[in-house]
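The values are calculated or read from the model by the stated rules, or taken from the named source; none is laboratory data. Because the structure is a prediction, the values reported are computed rather than measured. As a convention, Cβ positions derive from the backbone with ideal geometry for all residues, glycine included, and neighbour counts pool all protein chains shown.
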Amino acid sequence: MALSSTNKSLCNKLVSDYENLVSPVKSSKALLKKNMSDLDSFVRGMTFSNPVDLQGAVDGFLNAAEAGLPTADLSGMEDLDGFIKSCPYLSGLAPASVSAGSISGIFDDIGNLISDLIPSFPEFGASALADAINTALGGVGLPGGDALGAILGKADQLLNCLSGLCAAHDPSYIGSLTDIAVDLQGLYDDLNIIDSGPNAGKFDFDSFYSNAGMSASQQAALNGVTTNIGNQKQSAATAVQDSIDKVKELTKAGGFF
């Protein structure tokens, strides 16, 4: 069945949309490749820590990072209110804006904690590089930023629509379909990103670490530290958002600020 003029215009939109859609991925490609190269060099030259000592370092990192997070309970709101009123630099800002702006300082603190641990526990250095890759692909801690893994997922959806709704009914779209499919798969392959299944859009650390000659236990050690770093950053983002929501609630009710 031939495409209607309306369907043809929509198929043309899909073809036209592709480059703009994946542009953030291509713009970030050089940085991601550098992170991959740095991580590869780092893990090939590192000496792994005693597992018990490493777990102690992870626990200490988490405890120290948690101590720097805002709270949305009454005590936390009283502290925020008092701090703003005592600090002329902040007094002209909306309380919710002050809370939102704290995320940068929290992430800086997490980065400093990691930097302090790297000389004794190089797993934190490797995991910081791995987390940078995860952050780019998942968008964690990047308000308004592009989650590159999600963009690739949308590109897959676009490709499926172009295949099933356009090229299947009009052979003139086969060329565009082929070009997009090759380009998209190239992005997945070049950036070592999983292209299907429940982990689609995530970095394939298993293959990456195996290619670097790491054992299963070494991979598990790095994955564990990386997961804890990522979880802590997500906890920070959640804590800040909870604080913002509570500030707005109290401001509206006239209880504070």
| task | Look through the stretch 99-109, keep the residues that are of a type outside the set (S, T, N, Q) and touching a residue at least 60 places away in the same chain (Cβ under 8 Å), and return whichever of them is farthest from Glu249 (Cα to Cα). | result | Phe107
| note | Of the residues in the stretch 61-78 that are of a type in the set (S, T, N, Q) and more than 23 Å from the chain's Cα centre (by Cα), the one that is surrounded by the fewest Cβ atoms within 10 Å (Cβ to Cβ) is Ser75
| query | With Ser176, Ser172, Ser196 as the choices, which residue is without any contact (Cβ under 8 Å) to a residue 40 or more places away in the chain, more than 28 Å from the chain's Cα centre (by Cα) and farther than 19 Å from Ser41 by Cβ? | reply | Ser172
| Got at least one residue in the stretch 212-230 being in contact with a Pro (Cβ under 8 Å, 6 or more places away or on another chain) and surrounded by 15 or more Cβ atoms within 10 Å (Cβ to Cβ)? | yes
| request: Please work out if Tyr188 is under 18 Å from the mean Cα position of the chain (by Cα), buried (at least 16 other Cβ atoms within 10 Å of the Cβ) and part of a helix (DSSP H, G or I). | output: yes
| note | Taking the stretch 79-90 and keeping only residues that are free of Cβ contacts under 8 Å to residues at least 12 places away in the same chain and either part of a helix (DSSP H, G or I) or surrounded by 14 or more Cβ atoms within 10 Å (Cβ to Cβ) (or both), one is left with Asp79, Gly82, Phe83, Lys85, Ser86, Pro88, Tyr89, Leu90
| Counting only residues that are assigned to a helix (DSSP H, G or I) and over 16 Å from Ser196 (Cα atoms), how many does the stretch 155-182 have? | 17
| note | For Gly201, the lone unmet condition from (1) buried (at least 19 other Cβ atoms within 10 Å of the Cβ); (2) at pLDDT 95 or above; (3) under 17 Å from the mean Cα position of the chain (by Cα) is (2)
| Going by the conditions given, is Leu152 surrounded by 14 or more Cβ atoms within 10 Å (Cβ to Cβ), assigned to a helix (DSSP H, G or I) and out of contact with any Cys (no Cβ under 9 Å at 6 or more places or on another chain)? | yes
| note | Scanning the stretch 46-55 residue by residue, those assigned to a helix (DSSP H, G or I) and either closer than 20 Å to Gln234 by Cβ or within 26 Å of the chain's Cα centre (by Cα) (or both) turn out to be Leu54, Gln55
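Please work out which residue is surrounded by the fewest Cβ atoms within 10 Å (Cβ to Cβ), limiting yourself to the stretch 91-122 and to residues that are in a helix (DSSP H, G or I) and touching a Phe, Trp or Tyr at 6+ places or on another chain (Cβ under 7 Å). Outline the logic, then answer.
Pass one, the stretch 91-122, residues in a helix (DSSP H, G or I): 91, 95-117.
Next, from what is left, pick out any that are touching a Phe, Trp or Tyr at 6+ places or on another chain (Cβ under 7 Å): 95, 113-114, 117.
Values: Pro95: 21, Leu113: 18, Ile114: 20, Leu117: 22.
It comes out as Leu113.
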| message | I want to confirm something. Restricting to the stretch 201-254 and keeping residues that are in contact (Cβ under 8 Å) with a residue 40 or more places away in the chain and not in a helix (DSSP H, G or I), which single residue is nearest to Gly56 (Cα to Cα)? | response | Met214
| query | Would you pick out the residues in the stretch 1-32 that are aliphatic (A, V, I, L, M), surrounded by fewer than 15 Cβ atoms within 10 Å (Cβ to Cβ) and not in a helix (DSSP H, G or I)? | reply | Met1, Ala2
